[in-house]
Every structure is written in structure tokens, then in C-alpha cells.
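Please find one structure pasted underneath; my questions will follow.
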């Protein structure tokens, strides 16, 4: 897909993402690929695309750990203190995972204000951000 497809009304969610080279390809007709790569690197965009992928990997690792702890909890016979400890640990991991998941599933079509001094408001976590938000928490008009 190209940027022209988007301009023609194609859905933004159908585009591949999370790789700086996709941006380089989209802009190569207008800007030198070498210059685009430099800008992406020095503005920290490469870093945040990488961090997003690492957050997704961490989310998967937490899920594996939660499942492992659930199995251990099921295997315990009689040890109420250990079961309570595992239950608390599972709950904490699940809370963290749900919050990171909501962030990872946030919409792609985010517009930043042109005035960087207004970014604070655009990038503020809501005060009422729940411990276990739905994965579509940040979607406009579809909050559960």
C-alpha cells in the first residue's frame, strides 16, 4: 500500500507499521532515503518504534508468566499462604499487562498539535485510567 491509497480513502488500519523503512519508502519520491533515515533516527522515532515492539514482547512474556503461575496455583494442595501469594502476584501482573495492552492497541490515527507546547495535553494518561482497561480503551466513542 502507498500513501496514495490512504488519500483515496483506504482504512489506516490496513497499513503495515512499526518499521522505519516503511516511512523511508513512503517518502523516497520526495526526500532522500538517507536523509529520512537520519531524521527518523535523530528525532527518536526509531527508538519508539522499537520500544513499542519491546512492549508487545513484554506483554506476551507477562502472559506466559501468568499462565505458568496459574498452573502452579492449581497444583498446590493445601498451602493457603502460597496460593494467596500467587493470587496477588497474578493479579498484579494481569493489571500491568492489561494497561500495557490498552496502550499498544491505541488507535493509529493520532494527530499531534503542531505547537509542541501543547503536546503535554495530547500525551497525558487519563486520571481515571483503570487497572484493567479494555484493549480498546483509547478508541474514540468505543470506550467500554
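In segment 21-54, what residues are surrounded by 15 or more Cβ atoms within 10 Å (Cβ to Cβ) and touching a residue at least 24 places away in the same chain (Cβ under 8 Å)?
Those that are surrounded by 15 or more Cβ atoms within 10 Å (Cβ to Cβ) and touching a residue at least 24 places away in the same chain (Cβ under 8 Å): 26, 46, 49.
Next question, about the same structure. Scan segment 1-29 for residues that are part of a loop (DSSP other than H, G, I, E, B), modelled with pLDDT under 75 and touching a helix residue (DSSP H, G or I) at 6+ places or on another chain (Cβ under 8 Å) and jot them down.
Correct list: 1, 2.
Which is more than 29 Å from residue 136 (Cα to Cα) and surrounded by 15 or more Cβ atoms within 10 Å (Cβ to Cβ), of 73, 59? Steps first, please.
Numbers: 59 fails: more than 29 Å from residue 136 (Cα to Cα).
That would be 73, the only listed residue that is more than 29 Å from residue 136 (Cα to Cα) and surrounded by 15 or more Cβ atoms within 10 Å (Cβ to Cβ).
Is it fair to say residue 99 is loosely packed, with under 11 Cβ neighbours inside 10 Å, assigned to a helix (DSSP H, G or I) and out of contact with any strand residue (DSSP E or B) (no Cβ under 9 Å at 6 or more places or on another chain)?
Details: loosely packed, with under 11 Cβ neighbours inside 10 Å: no; assigned to a helix (DSSP H, G or I): yes; out of contact with any strand residue (DSSP E or B) (no Cβ under 9 Å at 6 or more places or on another chain): yes.
When the stated conditions are applied, residue 99 does not pass them.
Just to be sure I understand the filter: pairs with C-beta atoms under 6 Å, separated by 6 or more residues or on different chains, first member in segment 93-112 and under 14 Å from residue 52 (Cα atoms), second member outside any helix (DSSP H, G or I). Which pairs pass?
Pairs found: 101/135; 102/133; 102/135; 102/137; 105/135; 106/138; 107/139.
The values are calculated or read from the model by the stated rules, or taken from the named source; none is laboratory data. Nothing here was measured: the structure is a model prediction, and the numbers come from that model. Don't worry about glycine lacking a Cβ; one is built from the backbone with ideal geometry, like all the others, and counts go over all protein chains shown.
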